[in-house]
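The values are calculated or read from the model by the stated rules, or taken from the named source; none is laboratory data. What you see is a predicted model, and the numbers here were worked out from it, not measured in a lab. Glycine also receives a Cβ, built like all others from the backbone with ideal geometry; neighbour counts cover every protein chain displayed. Ligands, DNA and RNA are excluded from the accessible area calculation, which covers all protein heavy atoms including side chains. Shrake-Rupley method; radii C 1.70, N 1.55, O 1.52, S 1.80 Å.
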Amino acid sequence: MTRAYNFSAGPAALPEEVLIQAREEMLEWGGARASVMEISHRGRDFVALAEESEADLRALMAIPSNYRVLFLQGGATQHFAQIPMNFARPDQVANYVVSGAWGEKAVREAKPYVQARISASSLDSGYTRIPPRDGWDLDADAAYVHYTPNETIHGVEFREIPEVGGMPLIADMSSDILSRPVDVSKFGLIYAGAQKNIGASGLVILIIREDLLERCPVNIARIFNYSEHAANHSLFNTPNTWGWYLASLVFKWLKAQGGVAALGERNRIKAERLYAAIDGSGFYTNPVSVEARSWMNVPFFLPRAELNPLFLEEADARNLIGLKGHKLLGGMRASIYNATSLAAVEALIDFMGDFARRHA
Ligand code: PMP
């Protein structure tokens, strides 16, 4: 067995217990006498999985009863467009707060469907901080406010949920959902692609405050209409049954770990140790302002870019994978989602210290 310590940004490491269970159930799932991929999504067995997984997610995130949970497809990228399609008219304004590359992409994809307006941005800092709340220029008549609580590429994360008055707050939580407790009642909509903290790619979870569904227009194709999906309990068409099954296993695993509060504590410790190792090294650097540093994605740089290939090669030889930084930033990035253990982080810190001593 040579499974490595995996720091990939997404698709990302999954809990080993989940993979083992999925392997065991690959040929015959429950009493189905077939794999979960080979049975009807409308049959009793799969519907029971769908219901139980939603109940588990509701318990994990303490989702209030006036929110609907959808298990859809298309990646977060499709929902960048589908959100304004459902919750705004093309002549309306929507506020976008941009603290990194994914927020920029959300604006770009929204533009055909809403007057997407950048109400705050930390571009001038190279996305190394959160735009200070007192400088946000929010249009109070806008359809909603959109932001990205954790920017996966720049490693910038909001500590607090911003106050935005009466407008629905929409959060792309693709890379920080389930990483710590959040007060769902503060949001109009939370959405997240699954391939970091939920499971495998090809599944997107949306948590929508019920009253917003009344905005969904009837003149869009039903496949894009969130109220249609809600009315059909995410079974309007064939869902990603395998992805949904994996998510259901991850939710059970999260509950067994003590839930999101316990994971949050573990994630805080993992991040603090890694940032302390970077800051204390006199070798590696992380440019993000301390109060905005992500607990999930930790970009870091070596003092000389020509050392990067050697760092990656030696890390690989030590069974540490997925460390190459995003092409926008270069350098390195360690993604340390829920399934990445403290032991993995410590193995990385150990290697980084050793590498720095030899190449300082
Ligand atoms: N938003 C964020 C914050 C992300 O990290 C990602 C993927 N890395 C996306 C959106 C896009 O997700 P997808 O590729 O599944 O569309």
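How many percent of the accessible area of the range 258-359 is carbon or sulfur, using a 1.4 Å probe?
Carbon and sulfur: 56 percent of the exposed surface of the range 258-359.
Give me the mean projected area, in nm² to one decimal, of the convex hull enclosing the Cα positions of the range 258-359.
6.5 nm²
Determine the order of Asp45, Asp141 by accessible area, beginning with the largest, at a probe radius of 1.4 Å.
The most accessible residue leads, giving Asp141, Asp45.
Note down the accessible area of Ser121, probe 1.4 Å, to the nearest 10 Å².
Roughly 50 Å² of Ser121 is accessible to a 1.4 Å probe.
Take the Cα coordinates of the chain, assign each an equal point scatterer, and use the Debye formula without solvent to give log10 I(q)/I(0) at q = 0.15 Å⁻¹.
Per q value, in the given order, log10 I(q)/I(0) is -1.31.
Do you know the relative contact order of the chain, to the nearest whole percent, from alpha carbon pairs under 8 angstrom that are 6+ apart?
Normalised by residue count, the contact order of the chain is 23 percent.
Work out how much length Ala262 to Arg304 would gain on full extension: take 0.36 nm times their residue separation and subtract the Cα-Cα distance, in nm to one decimal.
11.3 nm
Could you give the size of the charge dipole of the range 83-220 about its Cα centre, using +1 on the Cβ of each K and R and -1 on the Cβ of each D and E, expressed in debye and rounded to the nearest 20?
Charge dipole of the range 83-220: 320 debye, to the nearest 20.
Which trypsin sites (Lys or Arg not before Pro) in the range 121-175 sit in a loop by DSSP (not H, G, I, E or B) and have at most 12 other Cβ atoms within 10 Å of their own Cβ?
Arg159
Could you pull out which residues in the range 1-15 have an amide N less than 16 Å from a spot 7 Å beyond the Cα of Arg318, following the Cα-Cβ vector?
Once the point is set 7 Å along Cα→Cβ of Arg318, 4-8 turn out to lie under 16 Å by backbone N, inside the range 1-15.
Using only DSSP helix segments of four residues or longer, with each worth -39500 (n - 2.57), what per-residue ellipticity at 222 nm results for the chain after dividing by its residue count and rounding to 500?
-11000 deg cm²/dmol
Leaving ligands, DNA and RNA out of it, report the carbon-plus-sulfur percent of the accessible area of the range 16-256 at a 1.4 Å probe.
Of the solvent-accessible surface of the range 16-256, carbon and sulfur hold 50 percent.
Probe radius 1.4 Å, ligands and nucleic acids left out: which of Ser281, Ser234 has the largest accessible area, and how do the rest follow?
Ser281, Ser234
With every protein chain left in place, what is the accessible area per residue of the chain in square angstrom, probe 1.4 Å?
43 Å²
Could you pull out the pairs from Lys111/Lys324; Lys105/Lys186; Lys255/Lys324; Lys105/Lys196; Lys105/Lys252; Lys196/Lys270 whose alpha carbons sit more than 22 Å apart here?
Pairs exceeding the cut-off: Lys111/Lys324; Lys105/Lys186; Lys255/Lys324; Lys105/Lys252.
For Arg133 paired with His233, estimate the spin-label separation in nm (one decimal), with each label point 7 Å from Cα along the Cα-to-Cβ line.
3.9 nm
DSSP loop GluC sites (Glu not before Pro) in the range 1-40 with at most 15 other Cβ atoms within 10 Å of their Cβ, which ones?
Glu25, Glu28
Compare Arg357, Arg273 by solvent-accessible area with a 1.4 Å probe and give them largest first, with all protein chains kept in place.
Arg357, Arg273
Between Glu28 and Ser289, 0.36 nm times their residue separation minus their Cα-Cα distance comes to what?
89.0 nm
Nearest 0.05, what FRET efficiency do Glu272 and Ser35 give at R0 = 51 Å with Cβ-Cβ as r?
So, using R0 = 51 Å, E works out to roughly 0.80.
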